[in-house]
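Read through the structure below, which is laid out as structure tokens, and then see the notes.
The values are calculated or read from the model by the stated rules, or taken from the named source; none is laboratory data. Computed from a prediction, not measured in an experiment: that's the story for all the values here. A quick note on method: Cβ atoms are made from the backbone with ideal geometry, for glycine too, and the neighbour counts reach across all protein chains shown. Keep in mind that these areas ignore ligands, DNA and RNA; they rest on the heavy atoms of the full protein, side chains included. Shrake-Rupley method; radii C 1.70, N 1.55, O 1.52, S 1.80 Å.
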Amino acid sequence: MTQPKLSERELECLEWVSFGKTSWETAIILGVSERTINFHLLNACRKLNVYGRQAAVALALRQNLLHGSPARPAAAAKDPSAALAPIAEPTSA
């Protein structure tokens, strides 16, 4: 079976889903809208011929398409929650 050709953004979105990030969290990390993330995940699901983001991540992992977040250094790939740390900190009013 040939591997589908996923775009860099589709792979990047799948990477963040594999780290347990929601569409909203991924949107904040990548600086795009939540709708854009869902668009890329839906396209990835269609290309992989699966229904749902978990199935897409599982298949992408089996096909060795995911290797850690391509847009982040290795340290961030080890702790992807660090990317949300500035968002989670309360600000003084």
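For the pair Q3 and V50, how long in nm is the line joining their label points, each one 7 Å along Cα→Cβ?
1.4
Determine how large the accessible area of S33 is when every protein chain is in place; take a 1.4 Å probe and give Å² rounded to the nearest 10.
The accessible area of S33 comes to roughly 60 Å².
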